[in-house]
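The values are calculated or read from the model by the stated rules, or taken from the named source; none is laboratory data. Everything numeric in this text was worked out from a predicted model, so none of it was measured. All Cβ positions, even for glycine, are placed from backbone atoms using ideal geometry, and neighbour counts span all protein chains on display. Surface areas here come from the heavy atoms of the whole protein model, side chains and all, with no ligands, DNA or RNA. Shrake-Rupley method; radii C 1.70, N 1.55, O 1.52, S 1.80 Å.
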Amino acid sequence: MHHLSRVRMFNTGFGALARPDRDLYPNDPRDRIDAPNERTNPRLNIRVYRLCFATMQLAYEKAFTHVFEMLDELKTHLAEKGPYLLSERLTGANIRLYATPVRFDAAYVGIFKCNLRSFANYPAFSACLPAVFDLPGVRETASIHHIKRG
C-alpha cells in the first residue's frame, strides 16, 4: 500500500464511520494535495525517525537539518496561506502533517534530541493543528502521556 493511500482511505475505508460530508481527498485538487505530502512525509514525518535511529553522526546531522528546514518551510507557508496546506480547506495533507507536530515537543525534542527549536517557535502551526485536533474523535487519540511513553 502506498504510504499516502492510508490517509486517502478515510473517505471510503471505514464504511458507516466515514463522513460523506467531508472529503479529505477530493478529485479537484488531488495533485495539489499530493505535492505537500510528497515533501513533508520524507523530509519531516519520516526524517524525525531517521534522526532518532541514526547510528552515525553524519546521518543524524543530515536528518536534523532536513527536519528543521522542512519546519521552517512549512512555517513560512502557513504564515502566508493560513491554517490549511491548500489554503481553502482541510484535506488529507493536513491530516498527514498533524502527526509530527502534535508529538514534537513531548517526544522528539527530548527523546530524539531534535532540539534546535521547540514547537513554540512555530506559531504558524497554532492554527493548523486545531484544524485537525478539533475534528470529532481526533482529540481522544492524542494522549501526551502515551506520546511520552512512546
Margin query: Using protein chains only and a probe of 1.4 angstrom, how many square angstrom of Leu90 are accessible, to the nearest 10?
Written below: 30
Check: How much solvent-accessible surface does Ser118 expose, in Å² to the nearest 10, with a 1.4 Å probe and all protein chains in place?
Finding: 40
Notebook entry, point to check: Along the positive direction of the dipole of segment 44-141 (beta-carbon charges: Lys, Arg +1; Asp, Glu -1; about the Cα centre), which of Leu97, Pro123, Pro136 reaches farthest?
Noted result: Leu97
Notebook entry, point to check: Which of the lysines could be linked to Lys113 by a straight reach, that is with a Cα gap under 18 Å, when you skip same-chain ones fewer than 8 residues away?
Noted result: Lys62, Lys148
Notebook entry, point to check: Roughly how big is the chain's charge dipole about its Cα centre, with Cβ charges of +1 (Lys, Arg) and -1 (Asp, Glu), in debye to the nearest 20?
Noted result: 460
Next item on the list: Evaluate the charge dipole of segment 65-150 about its Cα centre and quote only its size in Debye, nearest 20, assuming +1 on the Cβ of each Lys and Arg and -1 on the Cβ of each Asp and Glu.
Entry: 300
Notebook entry, point to check: With charges set only on the Cβ (+1 for Lys and Arg, -1 for Asp and Glu), what does the dipole of segment 53-102 come to about its Cα centre, in debye to the nearest 20?
Noted result: 180
Next item on the list: Heavy atoms only, probe 1.4 angstrom, no DNA, RNA or ligands counted: give me Arg96, Arg139 ranked by accessible area, highest first.
Entry: Arg139, Arg96
Check: Of all the accessible heavy-atom surface of the chain, with the other protein chains kept in place and a 1.4 Å probe, what percent is carbon and sulfur?
Finding: 56
Note to self: What does the net charge come to around Tyr60 if you take all other residues with beta carbon closer than 12 Å to its beta carbon, with K and R at +1 and D and E at -1?
What the structure shows: +3
Next item on the list: Rank Pro36, Pro136, Pro123 by mean-square fluctuation in a GNM of the chain with C-alpha springs under 10 angstrom and give only the top-ranked residue.
Entry: Pro136
Next item on the list: Can you tell me the relative contact order of the chain? Whole percent, Cα pairs under 8 Å, sequence separation 6 or more.
Entry: 23
Notebook entry, point to check: For segment 76-98 and segment 103-150, what is the separation of their Cα centres, given in Å?
Noted result: 16
Margin query: Could you give me D for segment 19-124, from Stokes-Einstein at 10 °C and 1.306 mPa s, where the hydrodynamic radius is the Kirkwood radius over C-alpha pairs? Units µm² s⁻¹, please.
Written below: 109
Checklist line | Per-residue [θ]222 nm for the chain (sum of -39500 (n - 2.57) over DSSP H runs n ≥ 4, rounded to 500) | finding: -14500 deg cm²/dmol
Check: With the chain treated as a Gaussian network of Cα nodes joined by springs under 10 Å, which of Phe53, Phe119, Phe133 yields the largest mean-square fluctuation?
Finding: Phe53
